[in-house]
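The values are calculated or read from the model by the stated rules, or taken from the named source; none is laboratory data. This is a predicted model, so every value here is computed, not measured. In this analysis, Cβ positions are derived from the backbone assuming ideal geometry, glycine residues included, and neighbour counts consider all displayed protein chains. What goes into the accessible areas is simple: the full protein's heavy atoms, side chains included, and nothing from ligands, DNA or RNA. Shrake-Rupley method; radii C 1.70, N 1.55, O 1.52, S 1.80 Å.
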Amino acid sequence: MATYALTINERSNSGKALLKYLEALNLDLQVIPKVRMRKSSYERSMDDIKHGRIEKFASADEMCKSLGI
């Protein structure tokens, strides 16, 4: 017996119909949750820029003042 892995969009009409069909065949179906890939450091930094979580300073002294150092 072979094992097959399929990715089915269960939100679409055709995906729903395919799942109903497979269940009607009384197959041994296993739903495996999709694993989210962790963002790279570059992607996280670009996300920080996009959402305004960075500050720009004219000099190192200005940055130290802002941080209370």
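Structure notes:
- Our estimate of slack between residue 38 and residue 3, defined as 0.36 nm per intervening residue step minus the Cα-Cα distance, is 9.8 nm.
- Low-density loop positions, GluC sites (Glu not before Pro), the stretch 18-69 - DSSP coil, at most 10 other Cβ in 10 Å: 55
- When the surface is traced with a 1.4 Å probe over the full set of protein chains, residue 27 keeps roughly 90 Å² accessible.
- Where 32, 49 fall by accessible area, highest first, once all protein chains stay in place (1.4 Å): 32, 49
- 3J(HN,Hα) from dihedral phi, the stretch 11-19, Karplus parametrisation 6.51/-1.76/1.60, rounded to Hz, x for glycine, proline: 8, 7, 5, 5, x, 4, 5, 5, 4
- In this Cβ point-charge picture (+1 for Lys and Arg, -1 for Asp and Glu), the chain has a dipole of about 120 debye about its Cα centre.
- Surface share of carbon and sulfur [accessible, 1.4 angstrom probe, percent] for the chain: 55
- Remark: accessible surface ordering of 29, 19 (largest first) is 29, 19, probe radius 1.4 Å.
- A dipole drawn for the chain from +1 and -1 charges on Cβ atoms has a positive end, and of 42, 19, 59 the residue lying farthest that way is 19.
- Computed over the chain, the range of Cα coordinates on each principal axis works out to 71, 27, 17 Å, biggest value leading.
- Dipole moment magnitude, nearest 20 debye, the stretch 23-62 about Cα centre, only Lys, Arg, Asp, Glu C-beta charged: 80
- Across the stretch 45-58, rounded Karplus estimates of 3J(HN,Hα) from the backbone phi angles (6.51 cos²θ - 1.76 cosθ + 1.60, θ = phi - 60°) give 5, 5, 5, 4, 5, 4, 9, x, 9, 10, 10, 10, 10, 6 Hz, Gly and Pro being marked x.
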